[in-house]
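The values are calculated or read from the model by the stated rules, or taken from the named source; none is laboratory data. All values reported here derive from a predicted model rather than from experimental measurement. Neighbour counts run over all protein chains shown; Cβ positions are idealised from the backbone, glycine included. With ligands, DNA and RNA removed, areas are computed over all heavy atoms of the protein, side chains included. Shrake-Rupley method; radii C 1.70, N 1.55, O 1.52, S 1.80 Å.
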Amino acid sequence: MTSPHPLPDQWAINVNPVANLAILTLLDADGIHRDIGFHPLTAPGTAQRTVHTLAEITDPGLRASAQKLIDTFYQRTARARANADAFGTVVPDQQHLFDRVRSELPGTTVDLGIDDEALTIVLKLTATGPTAAGLLALTNRWPGTTSPTGLAYGVAQDLADGMLTVTFDQPHAEKFLTWYRDQP
C-alpha cells in the first residue's frame with residue numbers, strides 16, 4: 001500500500017458544508033480550484049473553513065475524504081502526465097510539425113490542451129478566411145478524418161463566423177501528425 005500523498009505546499013482545502021454534505025475543494029497556492037470532492041453525512045455544526053493541513057480536520061471521516069481528494073488529484077496528474085509523455089513519444093517532432101502547419105497555412109493557430117475528463121491530449125487547429133479552406137482541405141486529405149457515417153469519432157470540426165476549428169482527441173492527433181509528417 002502506498003503512503004498518503006501530502007497536501008501540496010501552500011495549497012489548501014476549502015470545506016463547505018451544505019445540508020448533510022461537505023463539499024471539499026482543493027485550492028492551489030493561488031487559490032485556484034484544482035479538484036473537488038464530497039463527504040456525506042457531515043456532522044451538524046461543521047463550519048465552512050479553509051484548512052492548510054489535514055491535521056486541522058479533526059473529524060476522521062472528513063479527514064479521510066480530504067485525503068482521498070488529494071490522492072485523486074495526484075493520480076489524475078500522474079495519468080495526464082503519462083498521456084502527455086506518450087504523446088511526446090509518438091510525436092517527438094511535434095514543434096516542427098506545428099511550425100510546418102503554421103508555415104503552410106499562415107494564421108493557423110495550433111493549441112495543445114488536456115481533456116479534463118479523459119486526461120488525454122487534445123489538439124486544436126484553428127484558421128479563418130481563406131486559411132480555413134486550406135485547413136479543411138488538409139484535414140480532409142487525411143484518411144482518418146471521416147468514417148462511413150461522417151466525421152470519425154474523436155475528430156470534430158466547428159465552423160462559426162468564418163473560423164474553422166478542427167479538434168482531435170489524442171489517438172487521432174497522434175495519427176494525424178504521424179500522417180502529416182510524411183506528406184510532401
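Can you pull out every residue in region 116-146 that is in contact with an Asp or Glu (Cβ under 7 Å, 6 or more places away or on another chain) and either in a loop (DSSP other than H, G, I, E, B) or open to solvent by 60 Å² or more (accessible area, probe 1.4 Å) (or both)?
T120, K124
Can you tell me which residue in region 147-161 is surrounded by the most Cβ atoms within 10 Å (Cβ to Cβ), limited to those that are under 24 Å from the mean Cα position of the chain (by Cα) and either without any contact (Cβ under 8 Å) to a residue 12 or more places away in the chain or not in a loop (DSSP other than H, G, I, E, B) (or both)?
In this case the residue turns out to be V155.
Please indicate, with yes or no, whether at least one residue in region 50-61 is open to solvent by 40 Å² or more (accessible area, probe 1.4 Å), part of a loop (DSSP other than H, G, I, E, B) and either over 28 Å from S3 (Cα atoms) or hydroxyl-bearing (S, T, Y) (or both).
Scanning region 50-61, I find at least one residue that is open to solvent by 40 Å² or more (accessible area, probe 1.4 Å), part of a loop (DSSP other than H, G, I, E, B) and either over 28 Å from S3 (Cα atoms) or hydroxyl-bearing (S, T, Y) (or both), so the answer is yes.
From the set of residues in region 5-49 that are in a strand (DSSP E or B) and β-branched (V, I, T), which is modelled with the lowest pLDDT?
Selected residue: V18.
Considering only region 88-110, state which residues are in a helix (DSSP H, G or I), of a type outside the set (K, R), open to solvent by less than 80 Å² (accessible area, probe 1.4 Å) and closer than 22 Å to P171 by Cβ.
G88, V90, Q94, L97, F98, V101
Confirm whether T120 is farther than 30 Å from H5 by Cα and either touching a Phe, Trp or Tyr at 6+ places or on another chain (Cβ under 8 Å) or in contact (Cβ under 8 Å) with a residue 24 or more places away in the chain (or both). Talk me through it step by step, then tell me what you get.
Details: farther than 30 Å from H5 by Cα: no; either touching a Phe, Trp or Tyr at 6+ places or on another chain (Cβ under 8 Å) or in contact (Cβ under 8 Å) with a residue 24 or more places away in the chain (or both): yes.
It is false that T120 is farther than 30 Å from H5 by Cα and either touching a Phe, Trp or Tyr at 6+ places or on another chain (Cβ under 8 Å) or in contact (Cβ under 8 Å) with a residue 24 or more places away in the chain (or both).
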